[in-house]
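The values are calculated or read from the model by the stated rules, or taken from the named source; none is laboratory data. What you see is a predicted model; the values in this text were computed from it and never measured. Please note: Cβ atoms are built from the backbone with ideal geometry, for glycine as well, and neighbour counts cover all protein chains shown.
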Protein chains: 2
Amino acid sequence: MNLKQLSELLGLSQTTVSRALNGYPEVNEATRERVLQAVKETGYRPNKAAQRLATGKAGSIGLVMPTAPGHQSDVHFGEFLTGLGEEAVRHDFHFVIMPADPDDEVAALRRLAISGNVDALFVAYMRGHDPRLAMLKSLSMPFVVHGRSFGTEPDYPYLDIDNEAAFYDAARLLLQLGHTRFALMNGPAHLDFAIRRRNGLIAALGERGLELAEDCTSHTVMTDEEGLVAMERFLQLAERPTAILCSSTVLALGAIRAVNQAGLKLGEDISLIAHDDVLPLLKPENFSVPLTTTRSSLRAAGVRIAQRLIGTVKQAGPFPEQELWKTELIVRASTGPVPQS
Amino acid sequence: MNLKQLSELLGLSQTTVSRALNGYPEVNEATRERVLQAVKETGYRPNKAAQRLATGKAGSIGLVMPTAPGHQSDVHFGEFLTGLGEEAVRHDFHFVIMPADPDDEVAALRRLAISGNVDALFVAYMRGHDPRLAMLKSLSMPFVVHGRSFGTEPDYPYLDIDNEAAFYDAARLLLQLGHTRFALMNGPAHLDFAIRRRNGLIAALGERGLELAEDCTSHTVMTDEEGLVAMERFLQLAERPTAILCSSTVLALGAIRAVNQAGLKLGEDISLIAHDDVLPLLKPENFSVPLTTTRSSLRAAGVRIAQRLIGTVKQAGPFPEQELWKTELIVRASTGPVPQS
DNA sequence: TTGCGTTGTCAAAGCGCTTTGAAATTTCCT
DNA sequence: AGGAAATTTCAAAGCGCTTTGACAACGCAA
């Protein structure tokens with residue numbers, strides 16, 4: 001069933017039916033009723049591809065999903081997608097997801113944009129000096145970035161959390177508790193959030209004349225295995241750190257296993273603060289020793305970015321171009337005063 | 001840059017250029033070279049919507065993502081998607097994801113199909129007597145179901161794991177260890193896998209003249225909180241169960257917390273077997289007491305389903321219509337002989 | 001009655017691609 | 001050399017929709 005058939009059925013022209021459907025004013029109310037009724041009866045749905053071709057709009061936002069045979073799937077991605085979806089469903093928008101090798105992200109993004117399948121782009125996993133930004137700007141397609149790109153002029157639309165402040169504040173808390181030996185379990189070194197969190201920690205330490213030792217820093221993908229390995233390394237150091245900052249509750253999971261296996265007590269021998277993306281699977285309050293965290297909901301960020309993206313496509317703007325969300329520092333039992341020894 | 005412009009640039013007709021691009025034989029090799037060269041230089045990409053409109057194929061597979069403001073995001077969904085993506089990227093396919101309220105899945109699926117945006121559909125979260133099957137069959141669009149629908153003639157294309165055998169085997173193991181008091185922590189009662197796993201357990205118990213008590217069964221969404229609550233309830237029973245079957249490692253996470261809080265020892269006081277979807281986040285071997293599991297990789301299932309779906313669209317078939325994968329029973333430390341008491 | 005502004009409807013063009021059927025060109029065989 | 005066959009290219013139609021610009025039909029004032 002297509003427009004033509006429907007209009008023939010009704011004895012109207014395609015134009016009129018199309019207008020009736022799309023809420024144009026220049027059509028008789030009675031006619032509109034009749035059309036709507038027919039749509040209900042026939043179950044007619046406009047062909048999206050044709051609509052897209054005719055209008056240039058498709059009601060969809062595009063994103064690239066990094067994936068590869070060996071590539072670990074990332075819970076953060078799923079959680080974020082849920083947030084996007086929550087908003088998208090309200091506007092009858094959908095997603096076009098292009099899976100791509102992580103090395104191929106720039107090209108994949110370009111393909112997605114040029115394909116003419118999407119109205120707007122969402123970009124995540126930002127890196128320092130991210131090459132995608134220049135490409136995106138040249139594209140004249142709306143986009144919003146989750147995160148920022150360290151070292152690039154921040155003149156693009158983004159939503160980010162204040163990673164630097166988060167870890168600065170977290171470090172300050174631990175400093176006030178008397179800790180002086182810090183370690184950082186971070187995400188991959190080239191990612192923007194990792195850079196900023198590290199800077200936040202270094203800034204706080206610097207104020208007390210302290211430094212972050214090289215061997216007390218780990219940059220890895222954020223899995224619990226890597227957390228375990230990193231923590232085991234820290235624990236074998238001559239000058240064992242007593243305060244750990246951790247970029248993810250996933251990493252913390254492994255780290256805590258290492259602490260337990262070493263027979264140490266979290267919150268007493270070792271204090272740990274992790275960043276909490278509010279993953280439904282990993283609630284800091286449910287850890288055997290509830291975790292002190294810097295918190296910001298990934299899902300909420302997804303909702304907000306979808307709002308901005310969809311709003312822009314629908315010209316419902318204007319939206320703020322840059323948003324920087326504060327994180328919450330939530331103190332639980334995994335932090336305590338520095339142990340006497 | 002579109003086909004017309006490109007063809008004018010080359011002094012060829014659109015037809016020839018199109019044919020050159022799509023690998024048709026009736027075009028001179030030299031001409032093809034020239035076209036390919038021009039494409040490289042201009043960065044021309046065919047408009048997908050137009051292609052879709054003209055051919056009826058779009059190189060995309062559609063799926064519905066259940067989502068709602070209160071709705072917990074589901075790790076399993078993300079993991080599965082990764083699997084699909086891993087295969088899709090090899091064929092330059094993408095996904096069209098339609099977020100939809102869980103109550104609206106049938107309608108959402110129909111919208112997605114009729115929209116003309118997708119070549120094939122993937123369907124998950126199957127229920128007993130699932131109403132989507134009849135709709136799908138009437139649609140004349142390829143689809144593959146992950147799971148099955150209990151109570152419906154299995155004449156549709158699916159890939160499922162043998163849930164019944166999995167829990168039957170798991171129960172047998174525990175029976176051999178002397179356990180007689182069983183409990184089941186299952187997923188939502190209307191879901192197909194939950195029905196079959198329960199049946200598997202009941203069958204194994206039946207062979208020994210045992211029954212599964214009503215108050216030793218819980219059907220909940222699979223979060224660690226629900227696992228905790230369910231296990232707490234089991235532990236307060238007069239005739240406390242000693243053998244637990246658990247439909248997810250996520251549930252197990254909560255269950256184990258309850259066991260620990262009650263001062264009991266997993267693998268001694270309580271034996272537990274969980275089904276393991278091989279979530280990267282939740283490795284059974286990394287639990288403080290490594291978990292005995294029935295295992296089947298969700299991601300691998302995703303890859304396989306994508307193969308079948310894409311193969312069908314590309315007419316690369318034939319593919320088996322029905323596949324039933326065996327699960328592995330992997331014994332670790334969370335199971336032990338029934339405690340003497 | 002004529003003339004004018006509204007209102008409701010329509011035919012036709014166009015979005016960018018594929019594909020059909022025919023035409024132009026080249027190649028081959030006798 | 002002449003004609004058939006094979007190769008290469010093309011013009012035009014069509015996919016299903018939106019939108020422009022024109023055209024009836026109507027009511028109403030003059």
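Details
- Residue check, B:Ser140 within 14 Å of chain A (Cβ to nearest Cβ), among the hydroxyl-bearing types (Ser, Thr, Tyr) and under 30 Å from A:Phe80 (Cβ atoms): no
- If only residues of the stretch B:61-78 that are out of contact with any strand residue (DSSP E or B) (no Cβ under 8 Å at 6 or more places or on another chain) and buried (at least 23 other Cβ atoms within 10 Å of the Cβ) are counted, the one that is farthest from the other protein chains (Cβ to nearest Cβ) is B:Val75.
- Checking the stated criteria, A:Ala100 turns out not to satisfy the condition of being closer than 20 Å to B:Ser60 by Cα and within 16 Å of DNA strand D (Cβ to nearest atom).
- Residue list for the stretch B:1-16, filter: buried (at least 16 other Cβ atoms within 10 Å of the Cβ) and either of a type in the set (Val, Ile, Thr) or in a helix (DSSP H, G or I) (or both): B:Leu3, B:Leu6, B:Ser7, B:Leu10, B:Thr16
- Boolean, B:Thr67 is modelled with pLDDT under 90, within 15 Å of DNA strand C (Cβ to nearest atom) and of a type in the set (Val, Ile, Thr): no
- Check on A:Ser288, at pLDDT below 90, within 13 Å of chain B (Cβ to nearest Cβ) and either surrounded by fewer than 16 Cβ atoms within 10 Å (Cβ to Cβ) or closer than 18 Å to A:Leu84 by Cα (or both): yes
- Count - residues of the stretch A:228-244 that are in contact (Cβ under 8 Å) with a residue 40 or more places away in the chain and basic (Lys, Arg): 1
- Single unsatisfied condition, B:Ile97 versus (1) within 16 Å of the chain's Cα centre (by Cα); (2) assigned to a loop (DSSP other than H, G, I, E, B); (3) of a type outside the set (Lys, Arg): (2)
- Restricting the stretch B:227-239 to residues that are surrounded by 14 or more Cβ atoms within 10 Å (Cβ to Cβ) and not small (Gly, Ala, Ser), the residue that is nearest to the other protein chains (Cβ to nearest Cβ): B:Leu228
- Residue satisfying condition, being in a helix (DSSP H, G or I), within 11 Å of DNA strand D (Cβ to nearest atom), at pLDDT 90 or above and within 8 Å of chain B (Cβ to nearest Cβ), within set A:Ala50, A:Ala54: A:Ala50
- Only a single item in (1) among the small types (Gly, Ala, Ser); (2) within 12 Å of chain A (Cβ to nearest Cβ); (3) within 16 Å of DNA strand C (Cβ to nearest atom) is not met by B:Ala38, and it is number (2).
- In summary, B:Glu86 fulfils each of the numbered conditions (1) facing chain A (nearest Cβ under 9 Å); (2) among the charged types (D, E, K, R); (3) not in a helix (DSSP H, G or I) with the single exception of condition (3).
- Candidates A:Ala49, A:Ala88, A:Ala58, filtered to the one that is surrounded by 19 or more Cβ atoms within 10 Å (Cβ to Cβ) and away from DNA strand C (no atom under 15 Å from the Cβ): A:Ala88
- Within the stretch B:107-130, being away from every other protein chain (no Cβ under 11 Å) and either of a type in the set (Gly, Ala, Ser) or within 15 Å of B:Val144 (Cα to Cα) (or both) holds for B:Leu109, B:Asp119, B:Ala120, B:Leu121, B:Phe122, B:Val123, B:Ala124, B:Tyr125, B:Met126, B:Arg127, B:Gly128, B:Asp130.
- Taking the listed residues A:Glu8, A:Glu41, A:Glu33, the one that is among the acidic types (Asp, Glu) and under 24 Å from B:Ala54 (Cβ atoms) is A:Glu8, with no other qualifying.
- For the stretch A:206-226, the candidate set comprises residues that are out of contact with any strand residue (DSSP E or B) (no Cβ under 6 Å at 6 or more places or on another chain) and of a type in the set (Gly, Ala, Ser); within that set, the residue that is nearest to the other protein chains (Cβ to nearest Cβ) is A:Ala213.
- B:Arg196 under 26 Å from B:Val75 (Cβ atoms), away from every other protein chain (no Cβ under 14 Å) and either out of contact with any strand residue (DSSP E or B) (no Cβ under 6 Å at 6 or more places or on another chain) or basic (Lys, Arg) (or both): yes
- Per-region count, the stretch A:17-34, residues more than 8 Å from DNA strand D (Cβ to nearest atom) and either part of a helix (DSSP H, G or I) or closer than 22 Å to A:Asn47 by Cβ (or both): 9
- Criterion: in contact (Cβ under 8 Å) with a residue 60 or more places away in the chain, closer than 30 Å to B:Phe143 by Cα, outside the structural domain of B:Val221 (by TED's automatic domain parsing) and away from DNA strand D (no atom under 16 Å from the Cβ) - qualifying residue of B:Gly83, B:Gly78, B:Gly70: B:Gly83
- Listing of strands (runs of 3 or more DSSP E) fully contained in the stretch A:105-185 that carry 3 or more residues being over 21 Å from A:Arg196 (Cβ atoms) and either touching a residue at least 60 places away in the same chain (Cβ under 8 Å) or touching a strand residue (DSSP E or B) at 6+ places or on another chain (Cβ under 6 Å) (or both): none
- Filter result (buried (at least 22 other Cβ atoms within 10 Å of the Cβ) and under 21 Å from A:Asn47 (Cβ atoms)) within the stretch B:123-135: none
- Failed condition for A:Ile161, given (1) β-branched (Val, Ile, Thr); (2) out of contact with any Lys or Arg (no Cβ under 9 Å at 6 or more places or on another chain); (3) modelled with pLDDT of 95 or more: (2)
- Annotation: A:Ala30 fulfils all but one of (1) within 16 Å of DNA strand C (Cβ to nearest atom); (2) more than 8 Å from chain B (Cβ to nearest Cβ); (3) under 25 Å from A:Gln315 (Cα atoms); the unmet one is (3).
- In summary, A:Val27 fulfils each of the numbered conditions (1) free of Cβ contacts under 8 Å to residues at least 40 places away in the same chain; (2) within 30 Å of A:Asp130 (Cβ to Cβ); (3) in contact with a Lys or Arg (Cβ under 7 Å, 6 or more places away or on another chain); (4) among the β-branched types (Val, Ile, Thr) with the single exception of condition (2).
- Selection count, the stretch A:312-328, where residues are buried (at least 17 other Cβ atoms within 10 Å of the Cβ) and not in a loop (DSSP other than H, G, I, E, B): 2
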